[in-house]
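The values are calculated or read from the model by the stated rules, or taken from the named source; none is laboratory data. Only a predicted model underlies this, so the values are computations on that prediction, with no experimental measurement involved. No Cβ is skipped: glycine too gets one built from the backbone with ideal geometry, and neighbour counts run over all protein chains shown. Heads up: the accessible areas ignore ligands, DNA and RNA and are worked out on the full protein's heavy atoms, side chains in. Shrake-Rupley method; radii C 1.70, N 1.55, O 1.52, S 1.80 Å.
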Amino acid sequence: MLSRLEAANRYIRENKHRVTNRPHYHFAAEIGWINDPNGFIHYNGEYHLFYQYNPYSTVWRDIHWGHAATKDFIRWDYKPVALANDRWYDANGCFSGSAVEKDGMLYLMYTGHVTGEDGRVIQRQCLAVSEDGIHFEKHPANPVIGERELPDRYMPCDFRDPKVWREADGHYYCVLAVRNEQRRGEIVMFRSEDLVHWRFHSSVYRTEEAQNLLLECPDFFHLDGKDVLIFSVMPCDPEYADQVENHVAYAVGRLDFGTGRFEPEARGVLDRGPSFYAPQTTAGPGGERLLIGWMQSWRQGGLPDGFEFNGMMTIPRRLRVEGAKLLQQPFLPNGEYFAPVHSGEAELAPGRAPVLLTSGSGRILLELDRAEAEELKGNVLEFRLQEKDGRAIRVEVDAAAGQIAVRNDYEDGEPGRLDVSTDGGLALELFVDLYSLELFVNGGEQVFSLTSYAPKGFVSKVSAARPVRLRRLESFAFRPPGRDTSRPS
Ligand code: FRU
């Protein structure tokens, strides 16, 4: 009999040829469903990314941990599945978690999800260890944090997503999301000397009862002299689904390791688009803080026919704190993979809409100084991305009013809206791929991520409702690296 892990790997080997339409430069699974990024870490000279994974179908079920590695975030090497749900303590899923290196070995800390015969759910924290970064052994002491370690005032039915790190004091800490006695979301912290024995340390962050929130996938790190807490937000119970929209929030402030509480100075929303959830960060080799998110959301509807994969990851974003503001900048190598299509000035007028990208994927840059931004009143300027047969993802820029609207003709629903500052001009950077758009505004002050499934053969253009001269407009087509990645758009 094959183990569940061997069965998953064999299924992937035998069926991955069915997937012929992966995105050009966004990470997607070999086949099947993915959600959250997990265990994101720079280890042995490469970035490793694990992810919530069901190889067998395009829906969420029986969650394993998939695994891939990369040096440049464009070329990914798929590795064997790292974890399957094959123990009593993770029988119904190996849920989200993180990675840490200790004594040259790679440790994964994840949530074992179990639904009892009576329907009762219990979530506990588990460890898996690897010497080669590829094959993982579940730790004999599992689960390493369970009902015994969790104070009584918390509910083990929602106790998940450990994010672990080694602090300068030499101790290991992890933050986790939990449901408290008011049935609301809270972030708690545990502490350990050895990653195996854990003690409850503190409540780091509580939500108010009236907010009706549950939290998931917390992340914590020090950056630019501040502490940053990131978490995903959902309704605490189904009756609040109309009131609370899933999103990702952050707080910049200070974590007092004595009291164990986080004191926020500023808060914000990480991404204003409909397709961004459960991000995770890691430190790059130069100490840079990099973030990757799941570019799909629980709310989104079906896939088009013929899709054998579901879910993608965002491109990596490099984080910075300026004042108490969290900035996110795209972190992809440029020259080698993106070839110039249009550079410099552009004269636009009704009927004159230059094509910026023909190949289906690439990157577009627009920079307006303050005076130009003030001239662009009304919805004069429109990017028409993935345009085909009169339909497009339309990014309307009303620079004078400081407003951007994103309308997607391929899906029903309200347009996305961004209020942007034009005090220092306006800079837009758009990453377009076969099924997605990521829009970075003003050096990463705001980001908007959207997944969308336009038919093949589209182009991306820019148009204007009256004559406009743009002084700095550039576009770059994604140029697939030699090996095996030139998929038709
Ligand atoms: C977030 C999440 C996590 C959980 C995982 C299960 O998207 O709900 O809280 O660990 O997905 O797949």
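Only one entry in Asp369, Asp398, Asp433 is open to solvent by 30 Å² or more (accessible area, probe 1.4 Å) and either in contact (Cβ under 8 Å) with a residue 24 or more places away in the chain or in the same structural domain as Val459 (by TED's automatic domain parsing) (or both), namely Asp369. Of all residues in the range 253-274, those that are closer than 16 Å to Gly444 by Cα, of a type in the set (A, V, I, L, M) and open to solvent by less than 20 Å² (accessible area, probe 1.4 Å) total 1. Please determine whether any residue of the range 25-46 is open to solvent by 40 Å² or more (accessible area, probe 1.4 Å), among the hydrophobic types (A, V, I, L, M, F, W, C) and within 16 Å of the ligand (Cβ to nearest atom). Within the range 25-46, not a single residue is open to solvent by 40 Å² or more (accessible area, probe 1.4 Å), among the hydrophobic types (A, V, I, L, M, F, W, C) and within 16 Å of the ligand (Cβ to nearest atom). The strands (runs of 3 or more DSSP E) found entirely in the range 224-341 that carry 1 or more residues being of a type in the set (Val, Ile, Thr) and within 16 Å of the ligand (Cβ to nearest atom) are 226-235, 247-255, 277-283, 289-294. Within the range 196-219, the set of residues being outside any strand (DSSP E or B) and within 26 Å of the chain's Cα centre (by Cα) comprises Thr207, Glu208, Gln211, Asn212.
Picking from residues in the range 165-210 that are surrounded by 15 or more Cβ atoms within 10 Å (Cβ to Cβ) and among the small types (Gly, Ala, Ser), the one that is farthest from Asn142 (Cα to Cα) is Gly185. Residues in the range 134-191 that are free of Cβ contacts under 8 Å to residues at least 60 places away in the same chain and of a type in the set (Lys, Arg): Lys138, Arg148, Arg153, Arg179, Arg183, Arg184, Arg191. Can you tell me how many residues in the range 392-436 are of a type in the set (A, V, I, L, M) and not in a strand (DSSP E or B)? So the answer is 5. Of everything listed in (1) surrounded by fewer than 19 Cβ atoms within 10 Å (Cβ to Cβ); (2) more than 21 Å from Ala339 (Cα to Cα); (3) touching a residue at least 24 places away in the same chain (Cβ under 8 Å); (4) in contact with a strand residue (DSSP E or B) (Cβ under 6 Å, 6 or more places away or on another chain), the single unmet condition for Arg407 is (3). Where strands (runs of 3 or more DSSP E) sit wholly within the range 47-150, those with at least 1 residues that are within 16 Å of the ligand (Cβ to nearest atom), under 24 Å from Ser192 (Cα atoms) and among the aliphatic types (A, V, I, L, M) occupy 94-102, 105-115, 121-130.
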